[in-house]
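The values are calculated or read from the model by the stated rules, or taken from the named source; none is laboratory data. Just so we're clear, the structure is a prediction, and the values are computed from it rather than from any experiment. Quick reminder, even Gly has a Cβ in these numbers, built from the backbone with ideal geometry, and neighbours come from all protein chains shown.
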Amino acid sequence: MEKVDTEEVVETTESTAAAAVPAVSRKVRRRRKRSRPRSKTIALKRLTREELRVGRIMYPPVDDIRPQTRAECAGKARPCPYVACKHHLYLDVNPRTGSIKINFPDLEPWELKQTCSLDVAAEGGITLEDVGEIMNLTRERIRQVEVRGLAKLKMMSPSPDRIGAVPLPDDEK
C-alpha cells in the first residue's frame, strides 16, 4: 500500500471546494437588503382635517405656469422643478383615490439624478436594472410592468385583416 500524506489531501480538497463555491451564493444575493428605502404612500383618506389644513397653509397653490408640451419642457432647467408633473419621477398621484406615492422617501426632488421620465425615454434603450434604479423598483417588477404594457399594446392594435393588409404569398416550389 502506498502511504498518502494527509496534509496534501486536505489542501487539495480545500482548493477544489473553494473553486467550486462562488464568493456569494444566490440565496445571499436574494436576501441582500435594499440599497434604498421603499416608496411611501400617503392616502388622503387617512389624513386628518388638521393635517390637510396644515398642508394647505404650508403649500399654497402656485401660479407658476408649467410647461404644457414636451417642447416647452425640454429646454427647462434640470432637475425638473415641477414635481406635480405626471412625468416627474419623484412622486406619483393616483387619479382615482388621490393617494400620493413618494418614490424616493430618503431624497429631496433636487437630489435625484434623473427627474423626468421623458428625459429617460429620450436617452434610448437601457437595461431593466437601470430602469429599476431610476424608478426605485426591482428589476423583476420592471419586467412585469413591461410584459403588462406589451400585452395592452397588443390588445389595442388592430389585426392585419382590419387594416386591409394583404397576406404574403406562400413560397411554392
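Brief remarks follow.
- Test: residue in the range 33-52 that is modelled with pLDDT of 75 or more, outside any helix (DSSP H, G or I) and touching a Pro at 6+ places or on another chain (Cβ under 6 Å): yes
- Yes/no for Gly125 being in a loop (DSSP other than H, G, I, E, B) and over 23 Å from Pro37 (Cα atoms): yes
- Test: residue in the range 124-133 that is surrounded by 11 or more Cβ atoms within 10 Å (Cβ to Cβ), small (Gly, Ala, Ser) and without any contact (Cβ under 8 Å) to a residue 24 or more places away in the chain: yes
- Those residues of the range 108-122 which are assigned to a helix (DSSP H, G or I), of a type in the set (A, V, I, L, M, F, W, C) and surrounded by 11 or more Cβ atoms within 10 Å (Cβ to Cβ), in sequence order: Trp110, Leu118, Val120, Ala121
- Residues satisfying the stated conditions in the range 55-73, i.e. in contact (Cβ under 8 Å) with a residue 12 or more places away in the chain and closer than 20 Å to Trp110 by Cβ: Arg66, Pro67, Cys73
- In the range 81-96, residue surrounded by the fewest Cβ atoms within 10 Å (Cβ to Cβ) [restricted to those that are more than 18 Å from the chain's Cα centre (by Cα) and within 20 Å of Ile134 (Cα to Cα)]: Ala84
- Val28 surrounded by 10 or more Cβ atoms within 10 Å (Cβ to Cβ), under 25 Å from the mean Cα position of the chain (by Cα), over 27 Å from Leu107 (Cβ atoms) and at pLDDT below 75: yes
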